[in-house]
1. Considering the range A:361-387 alone, what residues qualify as being of a type in the set (A, V, I, L, M, F, W, C), out of contact with any Lys or Arg (no Cβ under 9 Å at 6 or more places or on another chain) and either within 22 Å of A:ALA532 (Cβ to Cβ) or crowded, with 24+ Cβ neighbours inside 10 Å (or both)?
2. Please go through the range A:490-523 and give me each residue that is under 23 Å from the mean Cα position of the chain (by Cα), under 25 Å from A:TYR410 (Cβ atoms) and touching a residue at least 60 places away in the same chain (Cβ under 8 Å), ordered by number.
3. For the range B:240-270, enumerate the residues that are facing another protein chain (nearest Cβ under 10 Å), surrounded by fewer than 24 Cβ atoms within 10 Å (Cβ to Cβ), modelled with pLDDT under 75 and assigned to a helix (DSSP H, G or I).
4. Test A:ILE61 against the stated conditions and say whether it is within 14 Å of chain B (Cβ to nearest Cβ) and either among the hydroxyl-bearing types (Ser, Thr, Tyr) or crowded, with 17+ Cβ neighbours inside 10 Å (or both).
5. Would a scan of the range A:325-335 turn up a residue that is farther than 30 Å from A:PHE289 by Cβ and surrounded by fewer than 24 Cβ atoms within 10 Å (Cβ to Cβ)?
6. State the number of residues belonging to the range A:339-365 that are assigned to a loop (DSSP other than H, G, I, E, B) and out of contact with any helix residue (DSSP H, G or I) (no Cβ under 6 Å at 6 or more places or on another chain).
7. Of everything in the range B:302-340, what is surrounded by fewer than 21 Cβ atoms within 10 Å (Cβ to Cβ) and touching a Pro at 6+ places or on another chain (Cβ under 8 Å)? Give them in sequence order.
8. Run down B:MET187, B:MET183 and say which single residue is within 14 Å of chain A (Cβ to nearest Cβ) and in contact with a Gly (Cβ under 6 Å, 6 or more places away or on another chain).
Amino acid sequence: MARSVRIKDHHAESQLFEQRAIVAAVLMVIAMGLVISRLVWLQVVKYDYFADLSQGNRIRIEPIPPNRGLILDRNGLPLATNAPSYQLELTKEQVDDIDATLNGIAEIGLIEKDDIPTIKRDLRGRRSFDAVPIKLQLSEVEVARFAARRHQFPGVEIRPRLTRYYPLAESSVHAIGYVGAISEDDKKRLNMDDYAGTTLTGKNGVEYAYEDQLHGRAGFQQLLVNAQGRSVERIGNEAANLERKEPVAGNDLFLTIDMRVQQAAEEALRGQRASAVAIDPANGDIIAFVSTPAFDPNLFARGLTRPEYLALTEDPNRPMYDRVIRGVYPPGSTVKPMMAMAALEYGVVTPAESVFCRGAYRMPGVSRPWRDWKAGGHGHVDMRKAIATSCDVYFYDIANQMGVDRIHDYLAQFGMGAITGIDIPGEKIGLLPSTAWKKKAFRRKEAQMWFPGDTISIGIGQGYMNATPLQLAHATATIAGRGQRFKPRLVRAVRNVTTGKVTELKPSPLPSPHVDDPAAWDVAIGGMYDVANAPYGTARGATANALYKIAGKSGTAQVFTVAANEKMRKPGELAEHLRDHALFIAFAPADAPRIAVAVVVENAPAGGSGFAAPIARRILDTYLLTPEQLAEQDAKRKPAPPPPPAPRPGETE
Amino acid sequence: MSLDAIDSSRTQRTLTGTAQLLLALHLDGPLFIALCMVGAVGSIVLFSASGSSLDMLEAQLMRFALGLIAMIMLAQVPPRIIRNTAPVAYVIGLIMLLLVMFTGDIAMGAQRWLDLGFVRFQPSELMKLAVPLACAWFLHERPLPPSLTSLLVLALGIGIPTLLIAEQPDLGTSLLVAAGGGMVVLMAGLQFRYILSVIGLLVPVAVVAWHFLLHDYQKQRVLTFLDPQSDPLGSGYHIIQSQIAIGSGGVFGKGYLNGSQAQLEFLPERSTDFIFAVVGEEWGLIGLVTVILLFMFVIGRALYLSATAHDTFSRLASGSLALTFCVYVFVNTGMVTGLLPVVGVPLPFVSYGGTAMVTLMAGFGILMSLCAKRKLVSR
């Protein structure tokens, strides 16, 4: 019905349209009236305010970089802090001629002429009103020199900033790492929104690995600046409504490192190319982490000049090189306790079974003998005594019986041949050889073949085998913990600076090595105990009179292979860089271990027990004794310091 | 004296001749002249806003010329053909929108372009014209005001392309397409009770859109509009800087090429979406009101022309085109002055950028064809 009524009425429709058009026109006028009244508000009523903003004064948004979290040792001693410093900053829009300005600053000696292209590249990526740092950490002399000529460089200003400061300079630098200016590569990795105003970022070690914890989040503040770019307080009569958002400071990190032990170890290793690591077997905490020589990380926070950088990278002792996680050395005899456990696991020998050592090992059909380090041999040795006297023949024999692949499979369970998973980047995996490895490693068919002789060298930690000091310390801690294994770690806890809340990080356990009979641990640990305590132990000199019982194992890694028919020479007769590396692993107290340590000294003046063991002893003493006990012991020793036992001719245990 | 007489009569003859030419080409004289004036003002402003770039000015003038040609050519097409083409154009546009969705090129983070091999083309621009024309076509033989069923069909016909474009994502264009269709419905005499209920519906729709349809950056724009200081380093920066530019222009402006906000690059997108602020800074309130009055004249004249058109289709289509233009102007000036959130709508004929200008000129060509033809025939 309704439908039939609704026919098209052209006249009515035309009128309807006209009405609507009038309404639309009115609405248009209202809308445009709104815009015009808004314009009157902006341009007439608030004219003074906006005119000041645009002509004399402008609001500039300045990022406020967050305070970087501190790095503290396990007891709260600050290792990386923030210190005020002055830096030179350039604001593009206020500089007429950037080339002339930079050249002028180079002429007064504040920047290097060679660095100008780099600075210009950095400037290109920034907004015209951003203040871009062109020189960090000005000295007082430099501040004064610039201040005197400041009028020559409009748009360039000295600003106070917080920079990274490492109060102990070189100490534990390889663990902490360092910060440096943000590079192009860093920009790809970082969320640059949070780095507005930040000049430094972690480059290595804990500073790099925990960047997201340490950095925090940027805030901003609005600043009123006049035409010269100087900050001013007010706009005309009207105080501007300036916003400020506070930055969120980064979290503080508590390291596992104990600076008392760390510095004792550094002192003991001074002057050597060496490394030492100490681990708590109960949780994987790294108590000391030393690689010498070291370098001053403060240089990087300030920005290195080219000569400084070259001096660091071209130093033959390679101070930048982190020997703890990147140095790979043949483990030598330190591998013997693990080798013994492997032999027990595969049943090739029993602990009580004794081998007669004549001073050399011969394989059927091979004329070349494998010599023991002791020319006359050790006579009858069982497994424990073989470890204690470091009898090579015993281990040549059991290695030969096991074969390389079984050795590989067992030692891998101690973390050899793989990264330990420490919480800083750059770890080397070392080399735990196997037949499969050799096939892949060599191109020539003949070289790919595994010879039984290769295995015999592996038995005493030589040949193809090598490991990082961290791997050795990790394996030692595993033995000390009777199989309990943890990822080594440098950071123990994180403190939220705002709330003050400290969050302890949980240790990360790793699978234990398999043992058929837990008594195998007693044999390995017993052998190591005898090294330090039995009358025939190789390290008894270094461990004498300790207030607690030590278990250890010395090792000497050959750098220079002595031909089989040649008399072994005294270490002193070889060129320094061809001398053997001295190694020592230890843990203590032997019955309830609290610390496991590995020391590696490159091209040492004496062998493992002679040179590395006293250093390990020093580390153990510092950790396990009270400062008073330590002082007392030192006082006793002073009148007649026991000289490191002179290495007997040919000792390479 | 005699010279003067000759001169004035020559002027008169030239004027009469021009008027006759315009009439013969079915062009509306006042509208045509106003559009040319807007184009001229736009070019002058653009030269300053582009940092005195002759290349950009030349490109803009070329586009204006192209637009003029499109306008003149479309004005020659008989209304009947325009009417019958409308639904076809709509269907083609819809198909292309779907194609863009699946195969389109991505430029500046948004999927808007369709590569036809020889030319890259934005189907959403076609829809700005096709949607209102198709709506007018749909209603032209039905009794008005439209029935509920018709309204539902129209709602779908407008809603689908709008959503497709909004998802590209191009909020500004989708708004204009929706406005184009919506204006047809409003001009067709949609009862006020419907209008009120639609406004009532908008609230829940807005809630749904906020949670499910809007992209993060679109939400951010709305949030920033409500509180520009919340994001002073990001999108709030646009609004703050554009208000400083306009406000500091005062009544008389800082003078051509002298706007410090614009010339020192404090004002972002100064040659495109925010060019209105450049006018404000350099020409002051006087310049802005002049520009607005010019735009109002164009809109008013177009509305007047559509009211004089003789059939429903022509009235609805041209009325919608006139009002869509009004939406353009209002949304752009509103966003630049901080009245509305920042949606990417350019200031017609002034902002640098090609496609929109040509589409607009084409729209005016169609409007002139629809409204001028009848007069000629009836005479």
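1. Of the range A:361-387, the ones of a type in the set (A, V, I, L, M, F, W, C) are A:363, A:366, A:370, A:373, A:375, A:381, A:383, A:386-387.
Of the ones still in play, those that are also out of contact with any Lys or Arg (no Cβ under 9 Å at 6 or more places or on another chain) are A:363, A:366, A:373, A:375, A:381, A:383.
A:TRP373, A:VAL381, A:MET383, listed by residue number.
2. Passing the criteria: A:PRO507, A:SER508, A:LEU510.
3. Matches in the range B:240-270: B:SER260 only.
4. Details: within 14 Å of chain B (Cβ to nearest Cβ): yes; either among the hydroxyl-bearing types (Ser, Thr, Tyr) or crowded, with 17+ Cβ neighbours inside 10 Å (or both): yes.
For A:ILE61, the condition - within 14 Å of chain B (Cβ to nearest Cβ) and either among the hydroxyl-bearing types (Ser, Thr, Tyr) or crowded, with 17+ Cβ neighbours inside 10 Å (or both) - is met.
5. Going residue by residue through the range A:325-335, those that are farther than 30 Å from A:PHE289 by Cβ are none.
Within the range A:325-335, not a single residue is farther than 30 Å from A:PHE289 by Cβ and surrounded by fewer than 24 Cβ atoms within 10 Å (Cβ to Cβ).
6. Kept after step one, since they are assigned to a loop (DSSP other than H, G, I, E, B), are these residues of the range A:339-365: A:347-354, A:358-359, A:362-365.
If we keep only those that are out of contact with any helix residue (DSSP H, G or I) (no Cβ under 6 Å at 6 or more places or on another chain) too, we end up with A:347, A:350, A:352-354, A:358-359, A:362-365.
Number of matching residues: 11.
7. Across the range B:302-340, the qualifying residues are B:ASP311, B:GLY338.
8. Numbers: B:MET183 fails: in contact with a Gly (Cβ under 6 Å, 6 or more places away or on another chain).
The match here is B:MET187.
The values are calculated or read from the model by the stated rules, or taken from the named source; none is laboratory data. Predicted model, so just to flag it, every value in this text is computed and none were measured. We place every Cβ from the backbone using ideal geometry, glycine too, and count neighbours over all the protein chains shown.
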